Amino acid sequence: QPASKNGSSILMPEKAIHIENLDFSFDGLAILENINMTIEKGDFAGLVGPNGGGKTTLLKLILGLYKPDRGSISIYGQPVKKHRALIGYVPQYANFSSDFPISVQDTVLQGCLGKSKWWGGYSQSDKQIARKVMQETEILDLASRPINALSGGQLQRVLVARALATEPRILLLDEPTANIDHRAEKDIFDLFKEINERMSILIISHDIAFVSDYINTVFCLNKTLVCHDATPVSSNTIHEMYGHHISEVQHNH
């Protein structure tokens, strides 16, 4: 638990993220309607649904990058603006330019920006944090390698390490395995499961069957929200989310 000024610990509320009666529109087009959603402390929650259903928009609202038209979002009982520093964010790999000339270590250290003084470079404490999260994500041996020399799975671990360097209590993941192979995907999810032991996680994914092996709550989003527990998502749920113009593919892993 975080420490107060007198050194005692502060008990955090049980609700890591709480969204109530949220509506959001963009240029007059309704994107999200009447969203009510709670991520409990320690949850590993999945957010699934069709493209254009509002999943990434919802993450950006939680991050405070957008403001809702109606309703509220709280982070551990406080407004987003007050507790935004408690959130680590891993964007879609597809939106990340990997040809920028920067090393793995310097990329991870970016997670410390905003916590340290803005002059004089990174502190020794920042470097210790970066080393710790690189070791946890098993990329410490890649610290000096340029990111444009990494595989998709390695780069994804770098982005996760950068998010962990912010020392968050909540981790938001936007399709973190969209561009990596299945073996790397399993390794990444095993890592997320370990990280979940100390923080709440909300992950966007299209692979419903795969994700259901790891998470304990599923939020099905297609403009509005349907919540399910961790039992296998049924065909009725899939048709409710995606409509009837879909193909079902059997995963044999």
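Every number in this text was worked out from the coordinates using simple rules, so none of it is lab data. Computed from a predicted structure; not experimentally measured. Every residue, glycine among them, receives a Cβ derived from its backbone with ideal geometry; neighbour counts consider all protein chains shown.
Tabulated data
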| item | result |
| --- | --- |
| Value of relative contact order over the stretch 120-187, rounded to a whole percent, pairs C-alpha under 8 Å and six or more apart | 33 |
| Gained length - Asn216 relative to Arg183, 0.36 nm times residue gap less alpha-carbon distance | 9.7 nm |
| Stretchable slack from Arg145 to Leu113, in nm (0.36 nm times residue separation minus alpha-carbon distance) | 9.4 nm |
| Modelled FRET efficiency - R0 41 Å, Glu136 with Lys67, Cβ distances, 0.05 increments | 0.75 |
| Length gained when the stretch Ser103-Ser125 is fully extended (0.36 nm per residue, less Cα-Cα span) | 6.0 nm |
| Long-range HN-HN contacts of Tyr66 with modeled amide H, under 5 Å | Leu61 |
| Amide H partners (placed H, <5 Å) of Arg169, local residues excluded | Ile87, Gly88 |
| DSSP-loop GluC sites (Glu not before Pro) across the stretch 156-208, with at most 15 other Cβ within 10 angstrom | Glu197 |
| Net charge contributed by nearby residues that have their C-beta within less than 11 Å of Gly71 (K/R +1, D/E -1) | -2 |
| HN-Hα J in Hz across the stretch 169-180 - Karplus 6.51, -1.76, 1.60, θ = phi - 60°, x for Gly and Pro | 10, 9, 10, 9, 10, 9, 6, x, 10, 5, 10, 10 |
